[in-house]
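Student: Here it is: the structure, laid out below.
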Amino acid sequence: MPTTNPRGALTLTATLLTASVALYMALVALGNITDFGTNQDFVRHVLAMDTTFKDEDLMWRAITSEGLQDAAYVAIIVWETAAALVLIYGTWLWTRHDHAHARRVSTYGLLMVMLLFGAGFMAIGGEWFAMWQSKNWNGLDAALRVFVFSGVVLLVDHLPGTRAETRDAS
């Protein structure tokens, strides 16, 4: 019976999980580009804080300019697209067995995703713009799922087995 190399299995896992986040981010970006209006409404409501408790101590934070709201939304889409491209490149590097470079590039892409969903959606959207107060426009659960998923993939990409396959690991 043939034996399998546990390091090879771990590299395959890192490759496929990185590819999964890349696919997710590519689909999110594509969806936001091809169905621009759906999440545009989401961003507008969160930034305008129009479905929060309207506490006057917080409402000064609201951004009601549609131009600024749309600029923020376009910036999000650009960031999502860039993260997807970085992760696609990282996945390609994993398949080429350029593990040190794959790990480094994948780390950058996963960090981009975690910054968007952690700092952007959870911290800024959730806390600064009080998204948690909205029954209709609260994306905190979805943001947390993506943040945790990306964090798990980041950990897998840095497990010692993926590191041991190359002498020049970063």
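Student: Would the range 36-46 turn up any residue that is surrounded by fewer than 13 Cβ atoms within 10 Å (Cβ to Cβ) and of a type in the set (S, T, Y)?
Tutor: Among the residues of the range 36-46, at least one is surrounded by fewer than 13 Cβ atoms within 10 Å (Cβ to Cβ) and of a type in the set (S, T, Y), which makes the answer yes.
Student: Cβ-Cβ below 8 Å, separation at least six or inter-chain, first residue in the range 1-19 and within 10 Å of D157 (Cβ to Cβ) and of a type in the set (G, A, S), second modelled with pLDDT of 95 or more and surrounded by 16 or more Cβ atoms within 10 Å (Cβ to Cβ): which pairs?
Tutor: Close Cβ pairs satisfying both conditions: A14/W94; A14/A102; A14/R103; A14/S106; A14/V153; A14/V156; A14/D157.
Student: If the requirement is being of a type in the set (D, E), under 20 Å from the mean Cα position of the chain (by Cα) and open to solvent by 30 Å² or more (accessible area, probe 1.4 Å), which of these qualifies: D70, D50?
Tutor: Only one candidate qualifies: D70.
Student: Checking the condition farther than 28 Å from E127 by Cβ, surrounded by 14 or more Cβ atoms within 10 Å (Cβ to Cβ), within 21 Å of the chain's Cα centre (by Cα) and aromatic (F, W, Y), which residue from W79, W92 passes?
Tutor: Testing whether each residue is farther than 28 Å from E127 by Cβ, surrounded by 14 or more Cβ atoms within 10 Å (Cβ to Cβ), within 21 Å of the chain's Cα centre (by Cα) and aromatic (F, W, Y) leaves just W92.
Student: Now for a different question. Across the range 106-154, what is the number of residues that are assigned to a helix (DSSP H, G or I) and in contact with a Leu (Cβ under 7 Å, 6 or more places away or on another chain)?
Tutor: Going through the range 106-154 one residue at a time, the tally reaches 11.
Student: May I ask you to verify whether I124 is hydrophobic (A, V, I, L, M, F, W, C), closer than 30 Å to T51 by Cα, open to solvent by 10 Å² or more (accessible area, probe 1.4 Å) and without any contact (Cβ under 8 Å) to a residue 12 or more places away in the chain?
Tutor: Criteria met by I124.
Student: Sticking with this structure for a sec: Would a scan of the range 106-118 turn up a residue that is out of contact with any Ser or Thr (no Cβ under 6 Å at 6 or more places or on another chain) and open to solvent by less than 10 Å² (accessible area, probe 1.4 Å)?
Tutor: Within the range 106-118 (the criterion being out of contact with any Ser or Thr (no Cβ under 6 Å at 6 or more places or on another chain) and open to solvent by less than 10 Å² (accessible area, probe 1.4 Å)), the answer is yes, since at least one residue qualifies.
Student: Still on this structure, please answer the following. Need the failing condition index for E56 against (1) touching a residue at least 40 places away in the same chain (Cβ under 8 Å); (2) loosely packed, with under 14 Cβ neighbours inside 10 Å, just the number.
Tutor: (1)
Student: Modelled with pLDDT of 95 or more and either in contact with a Ser or Thr (Cβ under 9 Å, 6 or more places away or on another chain) or within 17 Å of L10 (Cα to Cα) (or both): which single residue out of R96, R145 fits that description?
Tutor: That would be R96, the only listed residue that is modelled with pLDDT of 95 or more and either in contact with a Ser or Thr (Cβ under 9 Å, 6 or more places away or on another chain) or within 17 Å of L10 (Cα to Cα) (or both).
The values are calculated or read from the model by the stated rules, or taken from the named source; none is laboratory data. Because the structure is a prediction, the values reported are computed rather than measured. For neighbour counting, all protein chains shown are included, and Cβ atoms are generated from backbone atoms with ideal geometry for every residue, glycine included. For accessibility, only protein heavy atoms count, side chains too; no ligands or nucleic acids. Shrake-Rupley method; radii C 1.70, N 1.55, O 1.52, S 1.80 Å.
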